[in-house]
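Worksheet: the structure to be examined is printed underneath.
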Amino acid sequence: MKALVFDQYGKAGDVLQLKDIPEPEPQDGEVKVKMLYSPVNPSDIFNTIEGTYKDAYRKAIWNFNKAEDEVAADPFDIKQIPTLPHIPGLEGVGLVTKAGKGLRGKFLVGKRVIVIGADKGNWQTYNVVDAKQAIPISSKLSDEEAATFFVNPVTAYIMVKKMLKCKKDSYLLQSAANSEVGKMVIKMGKHYGFKTINLIRNAEQAQHLISLGAHHVINITTESVKQRVFEITNGKGVEYAIDPIGGQLGSGMIQCLGLNGHMVVYGTLSNQPLQFASRDLMTPITKLEGFFLANWMANQNLLQKLAIIKQVEKLIVKGILRSEIGNIYPLEDYREALKEVANAGNKGKVLLKIGD
C-alpha cells in the first residue's frame, strides 16, 4: 500500500516521501480503516514534519534530563513524540474494513469513522488504530467535512464555549483571523451574539471576513492594533482574545484586554516568545491561558468528549463550524498540496484524497 513517510525532521517537501509499505492488520482492540480523505493542516507540516513540536517540548520542565527518544507531549508521558520513520496526518475519515478481538471494533466494521490522534498518521492507504480512536460520524456530513471535523472545529468550539465562555455583546479579539479557526470564530460570533475584532495582514481578506459576520477588521501592517481596539471599545478594551501567533503581535494583544479580560494562546506560528510587563496582567486583573487540543481532550471523560463531538457536529451541519474546502489532491500529488498550504493566501482547507 501507499504511505507518505519521513525519516528525518526537515522541510516537508525535502523529507516527505511516497513509499510502498506493508499493509497493516489489526490486533486485539484495534480496527483497520481504509482512509478516504485527510487534510493537510499547517501543524502537520510545521510542527510534526519540521519537528518544532519536539523542539518546544524539549524546553518544557517535565522533559529536562530525558533522552531524545523519551520526549513527551505532556508531563504525564501519556502521548509520546512519534518515533521516526513516521507517517503524518493528525485527522481524517475512512471506512472500517476489519477488526481484531473486541466488541467495539466489531461494532465499527463497515462504518465510516473519523480517525484522530493515532500512533501513525492518516496519510496512508490503510491505518490500524485503537478502536477508541475511530469515531463514527453522522451521514449528514460529507466525506470532506468529516475529514476536517476535529482539529479546527473542535479547537474553535472549545476555546469560545468551554474556556472563554463568550457572552452576548462582548468583544473577542483574534489574530490569524483569515485562518480556518479564525473564520469559524467569526461565524460563532454571529451565531451566539458576541462581536469579533479581527487582525489580518492582507487587505484583500477584509471583505470576505466581513461577509462571514466580522464586526471589525484591523490590518496590522497599516494600523495600530492597540489604538484601534480602544477606539472600537470606547477605551474599555476587549473581554476576550485568542492568539495562535505569539511574539510581538500576541504580546500586544495582551495589552488590549480590559478589566477581568481573558486571553487564550493556542499556537506559536511566529516561533517567538510572548514578552510583556507583569502589570499588563496584574492591574486589569486579566487571565492568560494556554490551550493544546490533544491534552485538553485527554482531560475530559468519555461523556464529555461525546457531548463536545455531538455539539460540534450540529454546528458543522448548520454551516457555523464548517471548513472551507480548497483544492483536493491525490496522494501522489502531495508536493502540490504542501506548496498550497505553505502559501498563506490559500483559500480553504487542502485535502489529500487517499482512497475511494
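Annotation: aspartates and glutamates with alpha-carbon distance below 18 angstrom to LYS314 (same-chain offsets under eight excluded): ASP143, GLU144, GLU145, GLU180, GLU324. Protection proxy ranking, highest mean first, for peptides 226-233, 251-258: 251-258, 226-233, where packing is the per-residue count of other beta-carbon atoms within 10 Å, averaged. Taking the inverse of the mean 1/r over every pair of distinct Cα atoms in segment 55-165 gives a Kirkwood hydrodynamic radius of 16.1 Å. Modelled label positions at HIS208 and LEU281, each set 7 Å beyond Cα in the direction of Cβ, lie 3.5 nm from each other. Separation of the alpha carbons by more than 24 angstrom is noted, of LYS287/LYS310; LYS11/LYS132; LYS187/LYS347; LYS66/LYS287; LYS167/LYS226, for LYS287/LYS310; LYS11/LYS132; LYS66/LYS287. Reported to the nearest whole Å, the Cα centre-to-centre distance from segment 127-162 to segment 212-265 is 29.
Expected output is a single nm value to one decimal: the length gained when fully extending between LYS106 and GLN272, i.e. 0.36 nm times separation in residues minus the C-alpha distance. What is it?
Full extension from LYS106 to GLN272 adds 55.1 nm.
Mean projected area of the convex hull spanned by the Cα atoms of segment 23-68, taken over all viewing directions: 5.7 nm². The stretch between ILE61 and LEU84 holds 5.9 nm of extra length on full extension. This uses 0.36 nm per residue minus the Cα-Cα distance. Based on alpha carbons, the Rg and Dmax found for segment 248-350 are 18.6, 55 Å. Please work out whether segment 153-295 counts as rounded, prolate or oblate from its C-alpha gyration tensor, where a ≥ b ≥ c are the square roots of the eigenvalues and a/c under 1.5 means rounded, while otherwise a/b larger than b/c means prolate and anything else oblate? In terms of gyration-tensor shape, rounded. Given +1 at the Cβ of Lys and Arg, -1 at the Cβ of Asp and Glu and no other charges, the dipole of the chain around its Cα centre is 1380 debye to the nearest 20. Counting Lys and Arg as +1 and Asp and Glu as -1 over every other residue whose Cβ lies under 9 Å from the Cβ of GLY261, the net charge comes to 0. Its relative contact order, with pairs defined as Cα atoms under 8 Å and 6+ residues apart, puts the chain at 17 percent. Positive-end ranking of ILE254, LEU274, TRP62 along the dipole of the chain, with charges on Cβ about the Cα centre, is headed by ILE254.
Computed from Cα atoms, the angle from the helix 302-317 axis to the main principal axis of the chain rounds to 70 degrees. Calculated translational diffusion coefficient of segment 309-356 (25 °C, 0.890 mPa s; Stokes-Einstein with Kirkwood radius over alpha-carbon pairs) equals 203 µm²/s. Seen from a random direction on average, the alpha-carbon convex hull of segment 178-222 projects onto 2.7 square nanometres. Relative to the longest principal axis of the Cα atoms of the chain, helix 180-192 runs at roughly 60 degrees.
Treating r as the C-beta distance of LEU306 and GLN27 and R0 as 30 Å, the FRET efficiency rounds to 0.75. Report the percentage of all Cα-Cα pairs in the chain whose separation exceeds 31 Å, rounded to a whole percent. Of all Cα-Cα distances in the chain, 35 percent exceed 31 Å. Summed over all non-identical Cα pairs, the Kirkwood treatment of segment 118-157 gives a radius of 11.7 Å.
Read the figures in this text as sums done on the coordinates, not as results from a lab. Everything quoted here is computed from the prediction, not taken from an experiment. Glycine gets a Cβ as well: all are built from the backbone with ideal geometry, and neighbour counts include every protein chain shown.
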